[in-house]
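Everything on this sheet refers to the single structure shown next.
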Amino acid sequence: MKPTHKLLFVLCPMLVLGFIYYSSGKLHLPVWGQKSQNDAEGTAVALTKGAEVKRIPELETEIPVGPIVGSVYDKQGFLLQLDTKLPPELAYKYGNLSEGVCKPGYTAAKMTNIYPKFMKPAPLFLDRNFKRLAKVSNYLPPFGFKTQERIIDSILTATKNYGLGEELDSLSCKKCIIVGNGGILFNKSLGPPDRRIRCCCERGVEGFWKSVAHYVPREPTEIRILNPYFIQEAAFQFIGLPFNNGLMGKGNIPTLGTVAITMALHNCDEVAVAGFGYDMNTPHAPLHYYETVKMSAIKESWTHNISKEKEFLRKLVKSKVITDLTHGI
């Protein structure tokens with residue numbers, strides 16, 4: 001081989017490698033739907049009016065999320081500056097309704113206003129098509145139903161009904177009240193005598209997950225299985241509890257009260273709550289309305305993170321997504 005041929009043989013691979021290296025750094029093509037780093041930072045500065053731009057880590061979730069720019073939203077996707085005002089067209093729509101009339105879609109509209117990722121459609125209970133629910137099918141209980149498919153199938157075969165019942169399902173607008181079991185309920189009435197809300201609150205019992213199934217006076221056809229998506233959404237999307245690979249662990253289980261509120265956000269047009277609130281400034285106050293355990297005992301809970309849960313509930317109350325009837329949140 002001639003010397004010139006040898007030189008070309010050596011130079012060609014070097015030129016190709018050099019071009020590839022240069023291209024990867026200088027000729028990077030932006031993917032459709034993504035902004036360059038400079039564009040994104042410019043947008044963030046414009047939105048925050050010169051405030052310090054803080055990068056928000058991507059949420060550890062299987063659920064699609066929208067873009068979170070600058071410091072307009074917190075880590076979970078809620079507006080940092082909570083807004084109680086609705087868009088003009090919705091404000092006009094609800095403003096024209098008579099006082100006391102149920103407002104269709106009101107809670108979902110208010111929730112979307114402070115949490116743009118909120119998507120209302122979510123089945124309340126599991127039905128015979130539950131295996132198609134991709135968001136929960138790959139999670140173990142309590143965040144999903146993986147490994148429990150056969151048991152759920154047998155239960156659904158016995159119930160044969162999967163809704164709230166014909167009367168409630170037929171309502172075009174639903175007002176819901178979620179009643180917790182906080183000590184704040186003790187000797188509490190909700191409103192003047194002519195507008196009291198009559199609630200039946202049942203105290204917890206030891207081993208309730210076994211005993212309730214034996215003592216609740218209901219026929220099999222009246223039993224429902226709550227969609228575990230609400231537990232998952234409350235924990236990882238709304239509150240921001242540790243993901244722990246989607247497994248139950250220390251401090252990543254929301255209280256049943258917050259799960260119920262999450263369920264109501266998707267299935268009710270207006271939502272009010274009563275009997276919620278943990279006031280750590282009154283450690284000797286009763287934790288629950290039905291017992292003498294003190295408020296300080298909640299600090300020993302290994303499953304719940306009360307402080308983070310309270311942050312979430314306060315967002316809902318402050319932005320008027322929900323109404324706190326007993327003012328405990």
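Each value in this text was obtained by applying a stated rule to the coordinates, not by laboratory testing. Because the structure is predicted, anything quoted here is derived from the model rather than measured. Positions of Cβ are backbone-derived with ideal geometry, glycine not excepted, and every protein chain shown enters the neighbour counts.
List the residues of segment 163-192 whose backbone N lies under 16 Å from a point placed 7 Å from the Cα of His284 along the Cα-to-Cβ direction. Hits in segment 163-192 for His284 at 16 Å: none.
With neighbour counts taken as other beta-carbon atoms within 10 Å, the residues Tyr106, Tyr94 rank, fewest first, as Tyr94, Tyr106.
Within segment 88-324, antiparallel bridges make up roughly 30 percent of the DSSP beta bridges whose residues both belong there.
Placing +1 on the Cβ of every Lys and Arg and -1 on the Cβ of every Asp and Glu, with no other charges, gives segment 239-329 a dipole of roughly 300 debye about its Cα centre.
In summary, the convex hull built on the alpha carbon positions of segment 88-324 has an orientation-averaged projected area of 14.8 nm². Along segment 248-262 the Karplus relation, 6.51 cos²θ - 1.76 cosθ + 1.60 evaluated at θ = phi - 60°, assigns HN-Hα couplings of 5, x, 5, x, 10, 10, x, 5, 4, x, 5, 4, 5, 5, 4 Hz to successive residues, with x for each Gly and Pro. Each Lys and Arg contributes +1 and each Asp and Glu -1, all at the Cβ; summed about the Cα centre of segment 88-324, the dipole is approximately 480 debye.
Which net charge results for the neighbourhood of His266, defined as the other residues with beta-carbon distances under 14 angstrom from its beta-carbon, given Lys and Arg at +1 and Asp and Glu at -1?
Once all neighbours under 14 Å are counted, the net charge is +2.
Across segment 303-314, rounded Karplus estimates of 3J(HN,Hα) from the backbone phi angles (6.51 cos²θ - 1.76 cosθ + 1.60, θ = phi - 60°) give 8, 9, 10, 5, 5, 5, 5, 5, 4, 4, 5, 5 Hz, Gly and Pro being marked x.
Any of Lys135/Lys308; Lys110/Lys146; Lys175/Lys250; Lys188/Lys320 with alpha carbons more than 31 Å apart? Name them for me. The pairs that break the limit, which is 31 Å between Cα atoms, are Lys110/Lys146; Lys175/Lys250.
Just rank Ile261, Ile239, fewest to most, by other beta-carbon atoms within 10 angstrom. All intermediate terms of the calculation are to be shown ahead of the outcome.
Values: Ile261 26, Ile239 22.
Ascending number of Cβ neighbours within 10 Å: Ile239, Ile261.
Calculated FRET efficiency, Ile152 to Leu97, Cβ-Cβ distance, R0 = 45 Å: about 0.65 to the nearest 0.05. Per the Debye formula on identical point scatterers at the alpha carbon atoms of segment 216-325, with no solvent, log10 I(q)/I(0) at q = 0.12, 0.18 Å⁻¹ is -0.49, -1.03. Charge tally for Ala122 (other residues, Cβ to Cβ under 12 Å; Lys, Arg +1; Asp, Glu -1): +1. Shown for Val216, Val317: other C-beta atoms within 10 Å of each C-beta, ranked fewest to most, produce the order Val216, Val317.
Rounded to a whole number of µm²/s, how large is the Stokes-Einstein D of segment 273-329 at 25 °C and 0.890 mPa s, given Rh as the Kirkwood radius over C-alpha pairs? After rounding, the answer is 202 µm²/s.
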